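Asker: This is the structure I want to talk about, given as structure tokens.
Bear in mind these aren't lab numbers, they're just calculated from the coordinates by the rules spelled out. Given the structure is predicted, the values throughout are model-derived calculations rather than measurements. With ideal geometry, Cβ positions are generated from the backbone for all residues, glycine too; neighbour counts draw on all protein chains shown.
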Ligand SMILES: Cc1ncc(COP(=O)(O)O)c(C=O)c1O
């Protein structure tokens with residue numbers, strides 16, 4: 001089956017750029033695929049996913065998207081902005097302690113007019129699905145047609161976003177005259193990784209797909225990615241042996257946990273900004289770039305001559321953590 005319909009939201013193709021000074025320092029040809037440039041306020045990896053998710057929601061007659069994340073969720077912000085652009089309603093279920101003093105993504109959620117329900121981080125970990133079902137029921141009673149988008153849009157329609165990104169990247173690399181041995185990125189809820197692993201197989205990119213975890217233990221996240229790929233295969237009746245595909249996750253980048261980065265990550269963010277003018281964030285891309293540079297410098301990714309870093313966006317995450325950057 002061919003890819004399903006998509007609602008055009010992203011500025012594609014995103015640029016593939018060389019990182020010559022950083023690459024010279026670590027002895028590898030280093031490139032960055034700028035998916036932080038899928039849009040300005042809507043930028044980042046979620047936009048590619050949302051193109052397929054929103055098309056699916058519209059096909060089902062939805063007028064309201066319900067989704068969830070932390071108060072600084074990039075996914076929720078991208079959903080809120082996309083909904084506002086399309087005249088849909090967004091209802092965000094955000095885990096956190098307070099909605100006072102909105103900053104970063106939360107401020108943008110507000111500006112995009114999203115309805116926000118604040119839940120405690122404990123409830124988020126335990127009774128999230130029940131809370132979302134209650135909200136969906138209330139939305140239906142109020143005469144709306146809700147569509148629930150799971151955490152990070154990491155489910156069957158969302159996976160198509162990064163399947164398509166691999167086709168785009170393959171063309172970029174061919175134009176630049178190389179094939180990447182490594183494609184590295186930040187992995188959180190797993191849908192970006194699932195799409196990349198599938199796309200790598202479908203379009204024969206031939207890269208090692210290496211996800212640097214920002215929150216979860218590697219084995220547990222790999223199982224979730226596998227399950228998403230299986231569900232995608234079933235729903236879209238694809239003839240791919242998904243269980244034979246490698247799902248490689250490095251979880252040494254998790255550090256103290258989601259949203260908490262070590263000093264070394266903040267130093268990497270400052271180094272990359274200084275050397276290349278590329279802005280990374282401490283929640284996702286900073287951790288992943290730190291993991292990639294550490295592995296490349298220590299020879300852990302043997303045989304890598306060309307490595308592509310997928311910049312998945314998240315720049316608004318730097319502002320609430322402004323106090324942690326080196327002076
Ligand atoms: C900036 C950024 N990078 C990476 C990710 C991880 O993507 P995924 O949830 O598909 O694993 C996210 C998810 O929220 C994100 O916001």
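Asker: If you stretched the chain out fully between residue 234 and residue 179, how much longer would it get, using 0.36 nm times the residue separation minus the C-alpha to C-alpha distance?
Answerer: My answer for the length gained is 16.7 nm.
Asker: Hey, another quick one. How large are Rg and Dmax for segment 1-82 when calculated on the C-alpha trace, in angstrom?
Answerer: 16.2, 52
Asker: Can you give the calculated 222 nm mean residue ellipticity of the chain, where each DSSP H run of n ≥ 4 adds -39,500 (n - 2.57) and the sum is split over every residue, rounded to the nearest 500 deg cm²/dmol?
Answerer: -13500 deg cm²/dmol
Asker: Residues in segment 65-85, backbone N under 18 Å from the label point at residue 101 (7 Å along the Cα-to-beta-carbon vector): list them, ranges by number please.
Answerer: Inside the label zone: 71-73.
Asker: Taking all pairs of distinct Cα atoms, average 1/r, flip it, and tell me the Kirkwood hydrodynamic radius of the chain in Å to one decimal place. Please list the in-between numbers first.
Answerer: Working: mean 1/r = 0.0503 Å⁻¹.
The answer is 19.9 Å.
Asker: Take the Cα pairs of segment 177-244, get the Kirkwood Rh, then feed it into Stokes-Einstein at 4 °C and 1.567 mPa s and tell me D in µm²/s.
Answerer: 103
Asker: Normalise the Debye intensity by I(0) for segment 45-153, one equal point scatterer per Cα, no solvent, then take log10 at q = 0.13 Å⁻¹ and round to two decimals.
Answerer: At q = 0.13 Å⁻¹ the computed log10 ratios are -0.42.
Asker: Shifting gears a bit: Rounded to two decimals, what is the ratio between the C-alpha radius of gyration of segment 93-158 and 2.2 N^0.38 Å?
Answerer: Values: Rg = 13.0 Å, N = 66, 2.2 N^0.38 = 10.8 Å.
So the Cα radius of gyration is 1.20 times the expected 2.2 N^0.38 Å.
Asker: Same structure again: Please compute the length gained on full extension between residue 24 and residue 324, using 0.36 nm multiplied by the number of residues separating them and subtracting their Cα-Cα distance.
Answerer: Taking residue 24 through residue 324 to full extension adds about 105.2 nm, to one decimal.
Asker: Something else: Once R0 is set to 25 Å, what does the formula 1/(1 + (r/R0)^6) return for the Cβ-Cβ distance between residue 263 and residue 298, expressed as a FRET efficiency to the nearest 0.05?
Answerer: According to the calculation, E is roughly 0.85.
Asker: Ranked highest first by the average count of other Cβ atoms within 10 Å around their residues, in what order do 13-26, 118-131, 269-282 fall?
Answerer: Highest-to-lowest ranking by the protection proxy: 269-282, 13-26, 118-131.
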